[in-house]
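Peer 1: I'd like to ask you about the structure that follows.
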Amino acid sequence: MQPLASLLVWSGISVLGAAAFGVLALSRGETVNAAWLLTAAVCTYAVGYRFYSKFLASRVFGLDDRRATPAERFNNGRDFVPTNKWVLFGHHFAAIAGAGPLVGPVLAAQFGFLPGTLWLVIGVVLGGAVQDFVILFCSLRRDGKSLGQMAKEEVNPAAGATAMLAVLFIMIILLAVLALIVVNALKASPWGLFTIACTIPIALLMGWWMKRWRPGSVGEASAVGAVLLLGALVAGGWVAGQPHLAPLFTHSATALTWMMMGYGFIASVLPVWMLLCPRDYLSTFLKIATILVLAIAILVILPPLRMPALTPFASLGEGPVFAGKLFPFAFITIACGAISGFHSLVASGTTPKMIARESDARLIGYGGMLMESFVGVMAMIAACTLEPGVYFAMNTTPAALAQASQVLGQAGFVVTPEFMRELAARMGETTLLARSGGAPSLAVGIAQIFAGATSVLGGKTLDALWYHFAIMFEALFILTTIDTGTRVGRFMLQEIVGHVWPRFAETSWYPSVIASSALVVAGWGYFLYQGVVDPLGGINSLWPLFGISNQLLAAVALCVGTTILIKMGRGRFAWVTAAPLAWLVTVTMTAGWQKVFSADPRLGFLAHAASLAGSANPDTARLIFNDRLNTFVALLFMTIVTVLIVTSLREWWLVLSRRKTAVVHEAPYVETGYATGD
């Protein structure tokens, strides 16, 4: 009966998910309940994890718990540390889930709720989670080596060495963008800065608790950490209201830039068990709890999706939030949550050095990415439950709003100034107009859903509290990526310099650790500072590079994964990585070409620079420099990835046609010393 019961249960889940997708896809102007979107996503995730990830783990990768992992063989108490799989899931999820799953879906909502939702759900099951899982597996079998090092060894030494440098440069751009979003969220916000600052001593306490005072007492440390964190959230509101304390936590964007750089450096040189892992673990379960409560609230109040399935901007390509048509820009704007190259750096950085058993990689690699996609879906729901007029008023500059006023008026996406003033007052803000970047509109959407669910407790008076909680939640979500990303960048730089100076590659040699961490922090700190002082606010200059470089990095990761599968003799399964690779290359190269060479000044870097020639604007020189820098970096990344793809195709053909003997660079098999069930 058990197999029959399992068949009936999974058949029911599949049918329910298909029905939910049908309701979403077939709506023709009528209001759709957000619960259908939530149902479609959860059912797809469940089926994907139960069947597809199991197929990958057993048939494609052949995970083996009898094989000792790098964490067991090289345990040094700092970087290589066998870690409880749930604690490591928390660290990994916190590291990969930065700004992308929150901001990207909100920005892409200008096309309507349907395109972004389909990309988030289908893209993650067949692409994003596969990439994370395969790179984690490959690094796990190669002593925790980085993506660039694996490309050098498995694809081609010359192309791999070039890819290592490109990956490091891409990493620096990604960290700068993520840090900029945190700085913009925390500047002049004593409540948010106090709460975020409190997570550092709380994490140190948890680290010592689990490592020194009560080894293995994960539950105790988690309970203490959760209580202290909730206390910090409440205390942050009190601090913000005290005239003598609030100024201590009220800082400019420039000051926060230096604080961010200092934190990134310290977190990357301390042992992982002391600050990095417990802080990420603590913040992860706050994040997951918030997202799950949000999902429950959606099921309780059943809010309607006020944004239509498709808006006029899906085909016009003249959206006020950002320029470009649905294809290819929806698939670039939403990176994290569907597929993100940044994840491959974490999956070949800190995480493989901390896995105790190979089978844990399924939960951490595939399951962690599904959880991030779920966050993206929640962000899409929160944005699309807003009135379209409110959404566009918040996410658009006044000039862009005026240019799109005719299309917005024809679609009925209008809102009065009086309504926006009333909404701002309810959220405890002076204004919500032109709050671009996605984070404030997401916070308003979350606040309205939470306030609706708690209306029996006076939810309307809690709007401001929920709004500021959501802002802090977003900042905490993003900040946890900075510490891990800096450490991963340090590993990469040590590997690169190690080819010239072998001693520098030793992760246990502290002079190398300190020097490489300082250089990486200086790299992303420079771009962060440039973003802070940028006349357009930084995001306008750096976000296009973020989307293009992130997806190009995913293409590099899938190239490496496909090459390793073919060399392992698993060529018949190479489609699991080759199919998402083909789609990603098509989308990203199209977007990159349009961003560089489009004749539309709102879209193309070069066209925008040309349109500024002769302008009397005092910021013209900086804006033109930014456009030209964006052009150079985008073309550089596109060229390097093209070379790597061509080299990979040649390698696949040589191996599959038996013109070249397949040589894999796996570490020798060593049997684990752990007993079954440890």
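Just so it is clear, none of the values below were taken in a lab; they were calculated from the coordinates. Keep in mind the model is a prediction, meaning the values are calculated, not measured. Positions of Cβ are backbone-derived with ideal geometry, glycine not excepted, and every protein chain shown enters the neighbour counts.
Peer 1: Rounded if a/c is under 1.5, else prolate if a/b is larger than b/c, else oblate: which is region 496-536, with a ≥ b ≥ c the root eigenvalues of its Cα gyration tensor?
Peer 2: Details: a/c = 6.17, a/b = 3.06, b/c = 2.02.
Because a/c hits 1.5 or more and a/b exceeds b/c, region 496-536 counts as prolate.
Peer 1: Could I ask something else about it? Provide the net charge surrounding Ala46, with neighbours chosen by a C-beta distance below 15 Å and charges set as Lys +1, Arg +1, Asp -1, Glu -1.
Peer 2: Value of the local net charge: +3.
Peer 1: Now, a different point. Not counting the cut sites, what is the longest span of the chain without trypsin sites (Lys or Arg not before Pro) that DSSP labels loop and that have at most 14 other Cβ atoms within 10 Å? Please list the in-between numbers first.
Peer 2: On the way: sites that count: Arg28, Arg66, Arg658, Arg659, Lys660.
It runs 67-657.
Peer 1: For a label point 7 Å from the Cα of Ala515 along Cα→C-beta, name the residues of region 464-492 whose backbone N is under 16 Å from it.
Peer 2: From region 464-492, the list is 490-492.
Peer 1: On to the next question. Label points 7 Å out from Cα along the Cβ direction at His244 and Ala5: separation in nm?
Peer 2: According to this spin-label approximation, the distance is 6.4 nm.
Peer 1: Of Val293, Ser222, Ala267, which is farthest along the charge dipole of region 204-329 in the positive direction, counting Lys and Arg as +1 and Asp and Glu as -1 at C-beta?
Peer 2: Selected residue: Ser222.
Peer 1: Just going by the charge dipole of the chain, with Lys and Arg at +1 and Asp and Glu at -1 on Cβ, which of Ala129, Gly445, Leu401 is farthest out on the positive end?
Peer 2: Of the listed residues, the answer is Ala129.
Peer 1: Place a label point 7 angstrom from the Cα of Val533 along the Cα-to-Cβ direction, then list the residues of region 250-278 whose backbone nitrogen is under 14 Å away.
Peer 2: 253-255, 257-258, by backbone N distance to the label point.
Peer 1: In addition: Based on Cβ point charges of +1 for Lys and Arg and -1 for Asp and Glu, what charge dipole magnitude is obtained for region 275-431 about its Cα centre, in debye rounded to the nearest 20?
Peer 2: Details: 9 positive and 9 negative charges, 57 e Å.
That gives region 275-431 a dipole magnitude of about 280 debye.
Peer 1: Let me ask you something else. With a/c under 1.5 counting as rounded, go ahead and sort region 139-260 into rounded, prolate or oblate using the C-alpha gyration tensor (a ≥ b ≥ c being the square roots of the eigenvalues; past the cut-off, prolate if a/b is larger than b/c, else oblate). Present the calculation step by step, with values, prior to reporting the outcome.
Peer 2: Values: a/c = 4.49, a/b = 1.52, b/c = 2.94.
The shape class here is oblate.
Peer 1: Residue separation times 0.36 nm, minus the C-alpha to C-alpha distance between Trp593 and Val414: what's the value? Show your work: numbers first, answer last.
Peer 2: Details: separation 179, 0.36 × 179 = 64.44 nm, distance 3.36 nm.
Contour length minus the Cα-Cα distance gives 61.1 nm.
Peer 1: Next up: Place a +1 charge on the Cβ of each Lys and Arg in the chain and a -1 charge on the Cβ of each Asp and Glu, then give the dipole magnitude about the Cα centre in debye, rounded to the nearest 20. Numbers along the way, then the final one.
Peer 2: Numbers: 42 positive and 32 negative charges, 245 e Å.
So the magnitude is around 1180 debye.
Peer 1: Let me have the 222 nm mean residue ellipticity of the chain computed from DSSP H runs of 4+ only, each contributing -39500 (n - 2.57), with the sum over all residues rounded to the nearest 500. Before the final figure, lay out the partial values.
Peer 2: Values: 28 runs with 447 residues, N = 678.
For the chain, the value works out to -22000 deg cm²/dmol.
Peer 1: Can you list residues whose amide H is under 5 Å from Val32's amide H, if they're 5+ apart or on another chain and H is modeled 1.01 Å from N?
Peer 2: Under 5 Å from the amide H of Val32: Leu305.
Peer 1: At what distance in angstrom do the alpha carbon centres of region 294-361 and region 172-246 lie from each other?
Peer 2: Spelled out, the Cα-based centre of one part sits 25 Å from the other.
Peer 1: Let me ask something additional. Treating only the Cβ of Lys, Arg, Asp and Glu as charged (+1, +1, -1, -1), what charge dipole size does region 120-179 show about its Cα centre? Round to the nearest 20 debye. Mind dumping the intermediate values first?
Peer 2: Values: 4 positive and 4 negative charges, 12 e Å.
For this selection, approximately 60 debye.
Peer 1: 7 Å from Cα along Cα→Cβ at both Leu310 and Ala582: what's the point-to-point distance in nm?
Peer 2: A separation of 2.5 nm, rounded to one decimal place.
Peer 1: Sticking with this one: Let me know the number of lysine pairs in the chain closer than 13 Å at the Cα, not counting same-chain pairs under 8 apart.
Peer 2: Values: Lys85/Lys353; Lys145/Lys353; Lys325/Lys595; Lys567/Lys660.
Lysine pairs meeting both conditions in the chain amount to 4.
Peer 1: Sticking with this structure for a sec: Please give the contour-minus-distance gain from Asn76 to Trp208: 0.36 nm per residue of separation, less the Cα-Cα distance, rounded to one decimal in nm.
Peer 2: On the way: separation 132, 0.36 × 132 = 47.52 nm, distance 1.66 nm.
Roughly 45.9 nm would be gained on extension.
Peer 1: Under a plain spin-label model, where a point goes 7 Å from the Cα along Cα-to-Cβ, how far apart in nm are Arg66 and Ala226?
Peer 2: Result for the modelled spin labels: 3.9 nm.
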